Protein chains: 2
Amino acid sequence: MSLLIVGSVAFDAIETPFGKTDRILGGAGTYISLAASYFGIQPKLISVVGNDFGNENLELLQKYNIDIEGIQIKKDEKTFFWSGKYHNDMNTRQTLVTELNSLEKFDPEIPDSYQNVEFLMLGNLSPVVQRQVIERLTVRPKFIAMDTMNFWMNIMLDELLKTISMVDMLIINDEEARQLSGEYSLLKAARKILSFGLKYLIIKKGEHGALLFSENQIFSAPGLPLEEVFDPTGAGDTFAGGLIGYLARENQITFENLKNGVIAGSAMASFNVQKFGVEQLLDLNQKMIYERLQQFVQLAHFNYQPM
Amino acid sequence: MSLLIVGSVAFDAIETPFGKTDRILGGAGTYISLAASYFGIQPKLISVVGNDFGNENLELLQKYNIDIEGIQIKKDEKTFFWSGKYHNDMNTRQTLVTELNSLEKFDPEIPDSYQNVEFLMLGNLSPVVQRQVIERLTVRPKFIAMDTMNFWMNIMLDELLKTISMVDMLIINDEEARQLSGEYSLLKAARKILSFGLKYLIIKKGEHGALLFSENQIFSAPGLPLEEVFDPTGAGDTFAGGLIGYLARENQITFENLKNGVIAGSAMASFNVQKFGVEQLLDLNQKMIYERLQQFVQLAHFNYQPM
């Protein structure tokens with residue numbers, strides 16, 4: 001039931017065809033924690049921010065039941081800043097600014113109260129930092145999931161493969177799966193990536209949903225058709241947060257639970273893209289989530305009796 | 001239970017990264033009929049071929065329980081010929097040759113024995129020809145589905161919209177849905193296209209599956225992850241054939257049956273892309289289809305109980 005999340009806490013400036021924001025709260029750790037917080041657990045967050053982060057943002061995270069003891073505040077540095085622009089189809093984005101700031105020399109520290117966690121979600125960070133977290137936990141969590149991105153495949157593939165071999169589940173998108181495996185077919189890509197030492201692999205396909213692979217099973221989760229995607233920022237992190245939050249609440253890893261976790265993550269991500277930044281994640285309730293989950297059930301359910 | 005299919009019967013020459021074929025049996029009417037023939041009904045086919053078509057091909061269609069009385073043989077013309085080349089990702093194809101030949105002045109004739117059919121599937125053809133078939137049936141079938149393509153949207157949109165308004169269900173791909181509606185969001189596109197006078201719309205998304213829309217409901221069918229796609233030719237037609245074959249067999253139009261029909265069509269299409277041309281469609285049996293349908297059930301099934 002205990003869940004540790006490691007990931008960036010940042011400021012984002014986002015531009016989409018629908019509008020523009022200036023320095024709003026962002027970062028993978030923020031999205032993952034907020035999404036997970038709706039599943040009846042208190043996520044413990046490990047991250048780093050600068051002197052500009054502000055108490056109001058820390059208090060906001062606490063208000064959403066996130067344990068912030070693991071957030072380091074670097075007095076002489078600034079918070080990680082990312083700025084990006086989405087084009088009309090929302091599928092391509094251009095990074096305008098990346099200022100790593102306090103994230104550049106991030107040395108993750110595990111507070112004593114964070115030891116013995118059962119679930120660990122490693123947000124997209126350097127695979128070296130991700131591994132340090134695993135190594136600094138005195139007891140290996142019973143389930144470790146991780147995200148990564150093509151950037152790490154390009155500049156430190158060996159480190160990445162080493163970290164992948166230490167976790168249970170990898171969550172990446174289709175393009176990343178193709179790059180990591182060198183295979184175009186997602187089925188072949190999945191087999192190859194699983195052979196890197198994983199029990200489970202999730203391949204996210206944006207509006208087309210997500211695929212969950214184990215050695216012998218495949219599950220395809222639908223994408224919910226939406227009127228508009230206002231801002232895709234953090235959708236993948238929100239997906240991971242809903243998924244790991246669900247798993248931590250259920251506290252049992254079976255393929256059936258993983259399927260449901262993928263649905264939970266998909267539902268949370270479908271909310272997230274409907275407003276800018278974390279705005280929608282700050283304004284959800286259990287009734288809304290219940291109804292969205294029902295929509296997914298209706299969307300995917302059929303009762304074919306092959307003859 | 002009676003099913004009428006209208007569509008081209010053709011020769012195709014196909015090149016994919018996996019190989020090359022010369023003048024093999026093809027055409028929308030062929031793929032649709034062959035796929036439908038596995039659902040325990042005798043499809044009646046309306047089409048036209050030239051003097052080069054050959055009795056062996058007609059006998060082949062008959063061997064698969066297809067009623068060929070409605071295939072006109074034009075003694076002074078040649079059979080429709082299409083040649084195309086697929087690129088590495090199989091998502092883009094280049095048309096090398098299109099010789100309409102006997103299809104150019106196709107004037108569909110309805111044999112008396114074809115009157116009073118209950119299900120009608122209009123394969124991709126000029127919307128004028130599609131409409132002629134509807135008008136030449138003395139009794140409107142209880143369910144009419146049609147396919148079309150961007151070509152007709154470009155050159156005779158008014159005729160196309162007129163034909164669409166006369167059918168129950170339209171089956172197109174995502175790109176065509178966006179072009180026909182002028183909307184990028186498939187949800188908005190679907191609402192707009194349904195308003196053209198349809199009860200149901202299916203949007204095919206290739207490897208990402210298919211979406212089924214009615215006024216109030218949406219169903220998302222998964223795409224089955226495959227090792228390889230050898231040849232996508234006819235996948236959309238095979239999908240339509242499996243779908244309409246299933247519906248004609250069940251003989252009842254409900255949203256639940258349509259969902260199952262979409263799964264049946266997806267299963268048939270997943271077979272079709274695994275070999276060149278109609279090769280795999282000529283070599284299926286009920287056990288293979290049953291097992292493939294089971295794979296779809298396992299792929300999509302989950303049992304989330306939202307709390």
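The values are calculated or read from the model by the stated rules, or taken from the named source; none is laboratory data. In this text the structure is predicted, and so the values were computed from the model without any measurement. All Cβ positions, glycine included, derive from the backbone under ideal geometry; neighbour counts span all protein chains shown.
Taking only pairs six or more apart or across chains, which ones have beta-carbon atoms under 8 Å, a first residue in region B:181-208 that is farther than 24 Å from B:ASN260 by Cα, and a second residue that is among the acidic types (Asp, Glu) and modelled with pLDDT of 95 or more?
From residues that are farther than 24 Å from B:ASN260 by Cα, the pairs are B:LYS192/B:GLU183.
Mind listing just one residue for me: the one in region A:259-305 that is of a type in the set (Phe, Trp, Tyr) and over 19 Å from A:THR21 (Cβ atoms) and, of those, surrounded by the most Cβ atoms within 10 Å (Cβ to Cβ)?
Once the filter is applied, the top-ranked residue is A:PHE296.
Which one of these does B:GLN280 not meet: (1) touching a residue at least 12 places away in the same chain (Cβ under 8 Å); (2) within 19 Å of B:SER33 (Cα to Cα); (3) not hydrophobic (A, V, I, L, M, F, W, C)?
(1)
Identify the single condition in (1) crowded, with 24+ Cβ neighbours inside 10 Å; (2) over 29 Å from A:ALA264 (Cβ atoms) that B:ARG249 does not satisfy, given that it satisfies every other one.
So the condition that B:ARG249 fails would be (1).
Table: residues versus (1) under 18 Å from the mean Cα position of the chain (by Cα); (2) within 12 Å of chain B (Cβ to nearest Cβ); (3) in a loop (DSSP other than H, G, I, E, B); (4) of a type in the set (Asp, Glu).
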{"position": "A:PHE230", "(1), (2), (3), (4)": "no, yes, yes, no"}
{"position": "A:ALA240", "(1), (2), (3), (4)": "yes, no, no, no"}
{"position": "A:LEU247", "(1), (2), (3), (4)": "yes, no, no, no"}
{"position": "A:SER266", "(1), (2), (3), (4)": "yes, yes, no, no"}
{"position": "A:PHE296", "(1), (2), (3), (4)": "no, yes, no, no"}
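Scanning region B:59-100 for residues that are aliphatic (A, V, I, L, M) and without any contact (Cβ under 8 Å) to a residue 60 or more places away in the chain, which turns out nearest to the other protein chains (Cβ to nearest Cβ)?
Restricting to residues being aliphatic (A, V, I, L, M) and without any contact (Cβ under 8 Å) to a residue 60 or more places away in the chain, the top hit is B:ILE66.
Give region A:61-77 a look and list any residue that's assigned to a loop (DSSP other than H, G, I, E, B) and surrounded by 15 or more Cβ atoms within 10 Å (Cβ to Cβ), or say none.
If the condition is that a residue be assigned to a loop (DSSP other than H, G, I, E, B) and surrounded by 15 or more Cβ atoms within 10 Å (Cβ to Cβ), then A:TYR64, A:ASN65, A:ILE66, A:GLU77 are the ones that fit.
Please go through region B:176-200 and give me each residue that is closer than 25 Å to B:LEU247 by Cβ and within 14 Å of chain A (Cβ to nearest Cβ), ordered by number.
Selection gives B:ALA177, B:SER181, B:LEU186, B:LEU187, B:ALA189, B:ALA190, B:ARG191, B:LYS192, B:ILE193, B:LEU194.
Could you list, in sequence order, all residues of region B:13-41 that are part of a helix (DSSP H, G or I) and farther than 22 Å from B:LYS85 by Cα?
Just the residues of region B:13-41 that are part of a helix (DSSP H, G or I), to begin with: B:28-39.
Within region B:13-41, B:SER33, B:LEU34, B:ALA35, B:ALA36, B:SER37, B:TYR38, B:PHE39 meet the criteria.
Working only within region A:78-96, note down all residues that are surrounded by fewer than 20 Cβ atoms within 10 Å (Cβ to Cβ) and part of a loop (DSSP other than H, G, I, E, B).
If the condition is that a residue be surrounded by fewer than 20 Cβ atoms within 10 Å (Cβ to Cβ) and part of a loop (DSSP other than H, G, I, E, B), then A:LYS78, A:HIS87, A:ASN88, A:ASP89, A:ASN91, A:THR92 are the ones that fit.
Can B:PHE18 be described as surrounded by fewer than 24 Cβ atoms within 10 Å (Cβ to Cβ), among the hydrophobic types (A, V, I, L, M, F, W, C) and modelled with pLDDT under 95?
The answer is yes for B:PHE18.
Go through region A:273-294 and give me each residue that's farther than 20 Å from A:GLU15 by Cβ and assigned to a helix (DSSP H, G or I).
A:LEU282, A:ASP283, A:GLN286, A:LYS287, A:MET288, A:ILE289, A:TYR290, A:GLU291, A:ARG292, A:LEU293, A:GLN294
Limited to region B:209-228, what total is found for residues that are in a strand (DSSP E or B), facing another protein chain (nearest Cβ under 8 Å) and touching a residue at least 40 places away in the same chain (Cβ under 8 Å)?
Number of matching residues: 2.
In region A:268-294, which residues are closer than 20 Å to B:ALA221 by Cα and away from chain B (no Cβ under 13 Å)?
A:ALA269
Answer yes or no as to whether B:THR254 is away from every other protein chain (no Cβ under 14 Å) and either of a type in the set (S, T, N, Q) or farther than 13 Å from B:PHE39 by Cα (or both).
no
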